[in-house]
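Accompanying notes for the structure given below.
The values are calculated or read from the model by the stated rules, or taken from the named source; none is laboratory data. Bear in mind the structure is a predicted one, so any value in this text is a computation, not a measurement. Counting neighbours? That spans all protein chains shown, and the Cβs are built from the backbone with ideal geometry, glycine included. With ligands, DNA and RNA removed, areas are computed over all heavy atoms of the protein, side chains included. Shrake-Rupley method; radii C 1.70, N 1.55, O 1.52, S 1.80 Å.
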Amino acid sequence: MASPLWLGVYGVLCLELIITLILLAPLPERLQKGIVKILQLPKFISGWTFFVRFLAIALVLAVYDSIRTIKYMESKILDDPATLTGVMANSLDRERRFRAQRNLYLAGFALTLLFVIIRLVQMIRSNTSLKEELKDISSQQSSTVPSAANQTTAGTARRRN
């Protein structure tokens with residue numbers, strides 16, 4: 001029977017994969033703007049930070065638990081082979097070690113993917129703000145360029161006369 005802790009880690013990993021795929025998908029600009037507006041809401045930011053911190057701490061503890069279990073199982077298998085009561089005990093210990101290693105990979109990958117999602121959200125926010133600044137600058141330049149062009153054409157027209 002699977003432990004609820006590791007089922008939860010697996011569920012978090014699957015959810016993180018879906019979120020990452022959504023954030024990396026080439027979406028239409030209207031949809032991207034909607035996602036960015038949601039990401040910039042103050043209620044979302046405060047809830048997001050709490051959730052991310054809680055999840056990071058839980059995943060670090062899961063990694064620690066896996067490492068501790070792996071060390072215990074390896075010491076049990078390698079240190080005292082005389083206490084093994086046969087092939088079945090050795091097989092069960094190897095199975096426990098395998099599961100601990102699998103859990104370590106699950107928790108480690110989930111933790112890594114959490115950091116990737118955090119960075120993606122930061123990059124999307126900065127990209128959106130830079131696009132807004134670019135629109136503002138281009139609109140300012142487009143309003144100043146015609147007046148400068150009018151002044152230069154008027155100046156050349158005076159020189160010709």
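Quick check, is Gly155 on the phi > 0 side of the Ramachandran plot and at pLDDT below 85?
Details: on the phi > 0 side of the Ramachandran plot: no; at pLDDT below 85: yes.
Spelling it out, it is not the case that Gly155 is on the phi > 0 side of the Ramachandran plot and at pLDDT below 85.
Among the residues of the stretch 57-77, none qualifies, meaning not one is without any contact (Cβ under 8 Å) to a residue 12 or more places away in the chain and either exposed (fewer than 10 other Cβ atoms within 10 Å of the Cβ) or in contact with a Cys (Cβ under 9 Å, 6 or more places away or on another chain) (or both). Across the stretch 4-29, the qualifying residues are those that are in a helix (DSSP H, G or I) and not hydrophobic (A, V, I, L, M, F, W, C), and the one among them that is most open to solvent (accessible area, probe 1.4 Å) is Tyr10.
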